[in-house]
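To keep things clear, I will list the structure first and then write my remarks on it.
The values are calculated or read from the model by the stated rules, or taken from the named source; none is laboratory data. Note that this is a predicted model, so its numbers are computed, not measured. Positions of Cβ are backbone-derived with ideal geometry, glycine not excepted, and every protein chain shown enters the neighbour counts.
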Amino acid sequence: MRVQDWARGLLLGDRLEDKLSWPQALDLDATGPALVGPPAAPGRPAAWAFSAERQPFPALSELSDPRARGRMLHVFANHELLAIELLALGLLRFPDAPRRFRQGLVATIRDEQVHLSLYLERMAALGVSQGQVPVHSFFWDCVADVPTPLDLCVRLGLTFEQANLDWCIHYGAALRQVGDEQTAAVMDRVLDDEIGHVQHGLHWFRRWKDPGQSDWDAFVSLVSLPLSPSRARGPFVDRGVRARAGLDEDFVDHLEVWSRSKGRPPTVWAFNPDCEAEVRDPAHRSAPAVAALERDLAALPWVLAAPHDVVLVPRLPSLPWLRHLREAGFQPPELAAEVGDRVVGGLSPWGWSPRMAARLGPLVSALPSLPDPAAFRKDLAARLAPPPLGGTACSTWSEVERAAEELASRGFSPAVKPVLSTAGQGILRRVEQQAVLRLLATQPAVLVVPWLPRELDLSLHLDLEGGRARPRGFTVFQTTEGGSWRRSLASPPDLGTSGELLRFLHGQHPRGMPGLAAQVADRVAALLSPLGVRGPVGVDMLVGRLPDGQRVLHPVVELNPRWTMGRVALALRPRLAPGCVAWLSLVREPVGALQALDRDDKGRLRAGRLWLTDPAGAAIAAVLDVEPPGSR
């Protein structure tokens, strides 16, 4: 029988017997014209017709039920059926491909027919009949239109079949755990054959790819949406089985740390710590130190992002750092210099500014409206603080002098804050005319505030949407003597706060700190929503002492309508083992090995240093230092 006649029956036949047919003799040399394009769908028995209906795939916890295992095998059987059809399509579309390549396709089809028969047999034994589970066309939709044999190797052999290496191991172990040795043995057989299938695809991939590219670079350049390297692995990356298939260590290293959405449009994140200055002056150019900060910490939003998102970075991260995150139990999102022409689901800069609007606007059809620049002014918070804690906004030296004298007459030590600044920078602890005038020359106004002896700095983190603010939690932070941010506590506040101070905070509202959070959230929403603010907001608070020694809560020291270091710390809190004290900070001229962290039996961090940004080639890096429970 001519190989193309046989392949046509496999592809278009509408009986299961057609899909499982195997001729006594097959002539690989008698070929005809190539099939110009794929059919809309392969021929199929009615029980296996593609359906838009979806049925949840059985969870591992359900596999003790034989029928759940049968439904799982029904899905796997459809995968084998798709493989047979796609390989047959390859024989029809590429009759002029090398004979050994086509011979490999034929051998692979035979293996897939055996797998299909084994799945059908076990499926029936477990009480599930053909057609009981709706089947999808995803593999067909992704592979059928491949333009070349090389693309067939990439999409089928190096993507779907490579992923099946992990899935066979994964489900083989799960089946043995519930005592189904017979089905687990089928998974073992499939795994052994899949190794050969990956070897076949890899061999021809290496022959046809650009010889100047590594295997990994060529693979990434050839695999295209809706596929990505994420589809080439299962719930883990088994290095041993890939070595048996012939994949080199460099390829597996990159695959292990690769992150990209499997299809869902990502949210694009960007780090612009100078956003307040950009709002003040759209033509603003960051100082060299701030530009270096933006460059070196560009990857930091990965902590806040979902695994399928994209974080824009000026340079690709090093493999050792990505492996460090993986070994610490984190799955970072894709870190990329650009998103290309992919569909984007949303945008999330560190803070909205005209510069970020210009940078991210082309990625979406409709850009969110920017907040009113007034939302970034530090004197805005003064409206929510009881006098005199909120301070007085001043635009001339005489106004500053009068406000400072008024505070001094009441026993306060006055300080001057710029109304446009970041992270507590630019504060003048002494009210001196020349220094104030220099500050006024760069600011629309300054704020003269009482400088309270501090006992505790903390932030309340909110999400503002639809005119309402949802509290997300409190974090404690520490500042320098001048009031600039130094580090944030990722652990719960009670691990960095005395019991006396906690009791004081709970006493500020009849419903304790949750009630305080709700009260502040409502007031912040009423103030910022009319200014067009949406998304994250950080509210800095402090506990200090009045001139008479009385303890006081300053409920709104600053409002930060953007992401903050405290919010990053809060996002890390669920990944900490109970009782650990962990501080988020920045280290300059980072050095030191990326050592493994100690983790508990649930994978939570117990001790060690987690590098939140890549120290390789950086002048500054963000770290999370975790102290084990009971170390203090």
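Report whether or not Ala328 is farther than 18 Å from Arg264 by Cα, crowded, with 18+ Cβ neighbours inside 10 Å and in contact with a strand residue (DSSP E or B) (Cβ under 8 Å, 6 or more places away or on another chain).
Yes; evaluated as a whole, the condition is true for this residue.
Would you say Ala97 is in contact with a Pro (Cβ under 9 Å, 6 or more places away or on another chain), of a type in the set (A, V, I, L, M), in contact (Cβ under 8 Å) with a residue 40 or more places away in the chain and assigned by TED's automatic domain parsing to the domain that holds His197?
yes
Quick check on the stretch 495-509. Is at least one of its residues crowded, with 21+ Cβ neighbours inside 10 Å, assigned to a helix (DSSP H, G or I) and free of Cβ contacts under 8 Å to residues at least 40 places away in the same chain?
no
Surrounded by fewer than 21 Cβ atoms within 10 Å (Cβ to Cβ), of a type in the set (Gly, Ala, Ser), modelled with pLDDT of 95 or more and assigned to a strand (DSSP E or B), is that true of Ala607?
Spelling it out, Ala607 is indeed surrounded by fewer than 21 Cβ atoms within 10 Å (Cβ to Cβ), of a type in the set (Gly, Ala, Ser), modelled with pLDDT of 95 or more and assigned to a strand (DSSP E or B).
Condition test on Gly43, is it out of contact with any Gly (no Cβ under 7 Å at 6 or more places or on another chain), touching a residue at least 12 places away in the same chain (Cβ under 8 Å) and in a loop (DSSP other than H, G, I, E, B)?
no
Here's the yes/no breakdown for (1) exposed (fewer than 15 other Cβ atoms within 10 Å of the Cβ); (2) under 34 Å from the mean Cα position of the chain (by Cα):
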site	(1), (2)
His170	no, yes
Gln177	yes, yes
Glu181	yes, no
Leu191	no, yes
Glu194	no, yes
Gly201	no, yes
Trp204	no, yes
Lys209	no, yes
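Output the residues belonging to the stretch 610-632 that are part of a loop (DSSP other than H, G, I, E, B) and in contact with a Cys (Cβ under 8 Å, 6 or more places away or on another chain).
Residues satisfying the conditions are Pro628, Pro629.
Which numbered condition trips up Gln213, out of (1) surrounded by fewer than 19 Cβ atoms within 10 Å (Cβ to Cβ); (2) in contact with a Ser or Thr (Cβ under 6 Å, 6 or more places away or on another chain)?
(2)
For Val543, which of the numbered conditions (1) over 24 Å from the mean Cα position of the chain (by Cα); (2) assigned to a loop (DSSP other than H, G, I, E, B) fails to hold?
In the conditions (1) over 24 Å from the mean Cα position of the chain (by Cα); (2) assigned to a loop (DSSP other than H, G, I, E, B), Val543 misses (2) alone.
Inspect all residues belonging to the stretch 455-477 and state whether any of them is over 39 Å from the mean Cα position of the chain (by Cα), surrounded by fewer than 20 Cβ atoms within 10 Å (Cβ to Cβ) and either in the same structural domain as Ala525 (by TED's automatic domain parsing) or touching a residue at least 12 places away in the same chain (Cβ under 8 Å) (or both).
Looking for residues that are over 39 Å from the mean Cα position of the chain (by Cα), surrounded by fewer than 20 Cβ atoms within 10 Å (Cβ to Cβ) and either in the same structural domain as Ala525 (by TED's automatic domain parsing) or touching a residue at least 12 places away in the same chain (Cβ under 8 Å) (or both), one finds none in the stretch 455-477, hence no.
Restricting attention to the stretch 5-15, does a residue exist that is loosely packed, with under 15 Cβ neighbours inside 10 Å, among the basic types (Lys, Arg) and in contact (Cβ under 8 Å) with a residue 12 or more places away in the chain?
The answer is yes, given that some residue of the stretch 5-15 is loosely packed, with under 15 Cβ neighbours inside 10 Å, among the basic types (Lys, Arg) and in contact (Cβ under 8 Å) with a residue 12 or more places away in the chain.
What are the residues in the stretch 401-439 that are in a loop (DSSP other than H, G, I, E, B), out of contact with any Lys or Arg (no Cβ under 7 Å at 6 or more places or on another chain), of a type in the set (A, V, I, L, M) and touching a residue at least 40 places away in the same chain (Cβ under 8 Å), if any?
Ala423
Would you pick out the residues in the stretch 236-274 that are touching a helix residue (DSSP H, G or I) at 6+ places or on another chain (Cβ under 7 Å), more than 21 Å from Leu319 (Cβ to Cβ) and surrounded by fewer than 18 Cβ atoms within 10 Å (Cβ to Cβ)?
Matches in the stretch 236-274: Arg244, Lys262.
What number of residues within the stretch 105-150 satisfy the criterion of being part of a helix (DSSP H, G or I) and of a type outside the set (D, E, K, R)?
Count: 23.
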